[in-house]
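Inspection log for the structure reproduced underneath, given as structure tokens.
The values are calculated or read from the model by the stated rules, or taken from the named source; none is laboratory data. Predicted, not measured: the structure shown is a model, and the values here were computed from it. With ideal geometry, Cβ positions are generated from the backbone for all residues, glycine too; neighbour counts draw on all protein chains shown.
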């Protein structure tokens, strides 16, 4: 009982029946070991134990068909029914009427309300909270990860010969990856592709990478990016708009920039395209050392580039990439060869 003329007391009393199970477990003595860290720092081992205990609690009182609450990665509300997602598929409550409501987007609710013995339980799904990050039900799947999995899954239709035509004579899948910033992100993409191949029982290096050189960090570290993707790389392409946008973003505190029609005439664009050619062309594994032309000889040795002026080695007007077939139209021209190939 509290005095009604004290608003704080009244609110606390009204909320007294609602308490965080995570907080109770973490700070109480229901778990065998007390927290090892004091203050505001979270003890990661105890936090993991709290999440596991709570999942077991839900398994006992609000079980799912075919899965444990430990396995759930997302919740959805479909046609008024609660659906849980795990790596093995979708699941529903053994007792569907235990689901009493939700808050937020039905496709990704913020709160799910459940009832057992007329007592209610709220599942608060917050991937930004340090505790929620440890519960797989609060995890978000980043777009790049989901895109890689769905794209690879779709490709199985072709790889298994289920279509009328085949996409690749070598049973490969060609995936263009834009917006990568530097060699570390390229290396991560290759690791992601390897994980997709393992998950879908594809032979290693089935997934091939088309690298979009359209971010400053990638352009300046292109050689390292090529090395990181050397076992999967099929081509390198440039993108004027994205590369320009990244340049503007990098220099946004420097003042106004030129208009789009004038941007293509800027010196840095020429340098960007020439740099790509200098790095990319000699690195091609299908280009023999004796066929590697110097940049000086490119204009005179290739019909495609004969009319191109210095500083315009790449065809930036149409934003196409240089192909070996176009550049190797004349043999006998050379480029100084590196002692150690970045493709090794």
Quiz item: Can you find a residue in the range 239-253 that is more than 23 Å from residue 145 (Cβ to Cβ) and assigned to a loop (DSSP other than H, G, I, E, B)?
Solution: yes
Quiz item: Any idea which of (1) over 28 Å from the mean Cα position of the chain (by Cα); (2) at pLDDT 85 or above is the one residue 225 doesn't satisfy?
Solution: (1)
Quiz item: Any idea which of (1) over 20 Å from residue 171 (Cβ atoms); (2) surrounded by fewer than 14 Cβ atoms within 10 Å (Cβ to Cβ) is the one residue 257 doesn't satisfy?
Solution: (2)
Self-check item: Entirely in the range 99-153, the strands (runs of 3 or more DSSP E) that have 3 or more residues that are over 27 Å from residue 200 (Cα atoms) and at pLDDT below 90
Solution: 119-124
Practice problem: For residues that are part of a strand (DSSP E or B) and exposed (fewer than 14 other Cβ atoms within 10 Å of the Cβ), tally how many sit in the range 52-98. | Solution: 3
